[in-house]
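Chemist: Structure below; questions to follow.
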Amino acid sequence: MLISGMGFVLSAITHLAALAGQIDAIEMHLPQDALGLFTSVMSLGIFAVWMPAALIAQRINNGNRLHFSWRKVLAGCPAWMRNSAYGLFAYAIVNFFLGIGSGMAESQHGMRLFSGHWMLFYGMAFCIFFSRSNPSTMTSVRHCPGGHEIGHDDAFCPVCGLPAARDDRDG
């Protein structure tokens, strides 16, 4: 969770610098090829945080890829964090399309696009880790009267067909 949080902060700072057109000015004060190394580390770091985050998200959804629910994955997050995650997703899409159509300098342009995606992946990974560390009723396991594990939105058990109890005394 710490790496994803730091990655999000660094990507947000980089993104703001790119939007302000300050990447070239910053690069002048850095050792040779430091910006390239930073870009590589940030890009590879996404895999370090996103792989476990994706596995956790799948686990929260009981491995159900057809009915994947971000609402369920982010259930342990406060409302402001959940809404920020959704907003970040929308911003990454808008930033991408605005970025590919803008006339920024090449280094500014690349960093704007990269950092926008970094923010999305690091931010969503942070939210997933945070949600998992704060379990809610959505992330707890439900069982039917027959003892089978069922989803939180299921009215009936997909294995035995028994009706699912709707109170917190499941299982």
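The values are calculated or read from the model by the stated rules, or taken from the named source; none is laboratory data. Bear in mind that the values here come from a model prediction, so they are computed numbers and not experimental data. Don't worry about glycine lacking a Cβ; one is built from the backbone with ideal geometry, like all the others, and counts go over all protein chains shown.
Chemist: Do we find a residue being of a type in the set (D, E, K, R), surrounded by fewer than 14 Cβ atoms within 10 Å (Cβ to Cβ) and either without any contact (Cβ under 8 Å) to a residue 24 or more places away in the chain or farther than 15 Å from ARG112 by Cβ (or both) anywhere in the stretch 60-80? Working first, answer last.
Modeler: In the first step, residues of the stretch 60-80 are kept if they are of a type in the set (D, E, K, R); the result is 65, 71-72.
If we keep only those that are surrounded by fewer than 14 Cβ atoms within 10 Å (Cβ to Cβ) too, we end up with 65, 71.
With the extra rule that they be either without any contact (Cβ under 8 Å) to a residue 24 or more places away in the chain or farther than 15 Å from ARG112 by Cβ (or both), the set shrinks to 65, 71.
Yes, the conditions are met somewhere in the stretch 60-80.
Chemist: Still on this structure: So is ILE150 β-branched (Val, Ile, Thr) and modelled with pLDDT of 85 or more or not? Full working, then the answer.
Modeler: On the way: β-branched (Val, Ile, Thr): yes; modelled with pLDDT of 85 or more: no.
The answer is no for ILE150.
Chemist: I'd like to know if the stretch 28-37 contains one or more residues that are under 22 Å from the mean Cα position of the chain (by Cα) and surrounded by 14 or more Cβ atoms within 10 Å (Cβ to Cβ).
Modeler: Scanning the stretch 28-37, I find no residue that is under 22 Å from the mean Cα position of the chain (by Cα) and surrounded by 14 or more Cβ atoms within 10 Å (Cβ to Cβ), so the answer is no.
Chemist: Does ILE3 meet the test of being modelled with pLDDT under 90, touching a helix residue (DSSP H, G or I) at 6+ places or on another chain (Cβ under 7 Å) and in a helix (DSSP H, G or I)?
Modeler: no
Chemist: Among ARG112, ARG82, ARG59, which is the only one that is in contact with a helix residue (DSSP H, G or I) (Cβ under 9 Å, 6 or more places away or on another chain), under 30 Å from GLU27 (Cβ atoms), assigned to a helix (DSSP H, G or I) and at pLDDT below 95?
Modeler: Numbers: ARG82 fails: under 30 Å from GLU27 (Cβ atoms); ARG59 fails: under 30 Å from GLU27 (Cβ atoms).
ARG112 is the lone residue from the list that is in contact with a helix residue (DSSP H, G or I) (Cβ under 9 Å, 6 or more places away or on another chain), under 30 Å from GLU27 (Cβ atoms), assigned to a helix (DSSP H, G or I) and at pLDDT below 95.
Chemist: Further question on the same structure: Taking only the stretch 38-59 into account, find how many residues are aliphatic (A, V, I, L, M) and either touching a Lys or Arg at 6+ places or on another chain (Cβ under 8 Å) or crowded, with 17+ Cβ neighbours inside 10 Å (or both).
Modeler: 6
Chemist: Still on this structure: Could you identify the single residue in ALA25, ALA53 that is touching a helix residue (DSSP H, G or I) at 6+ places or on another chain (Cβ under 9 Å) and without any contact (Cβ under 8 Å) to a residue 40 or more places away in the chain?
Modeler: Of ALA25, ALA53, the one residue that is touching a helix residue (DSSP H, G or I) at 6+ places or on another chain (Cβ under 9 Å) and without any contact (Cβ under 8 Å) to a residue 40 or more places away in the chain is ALA25.
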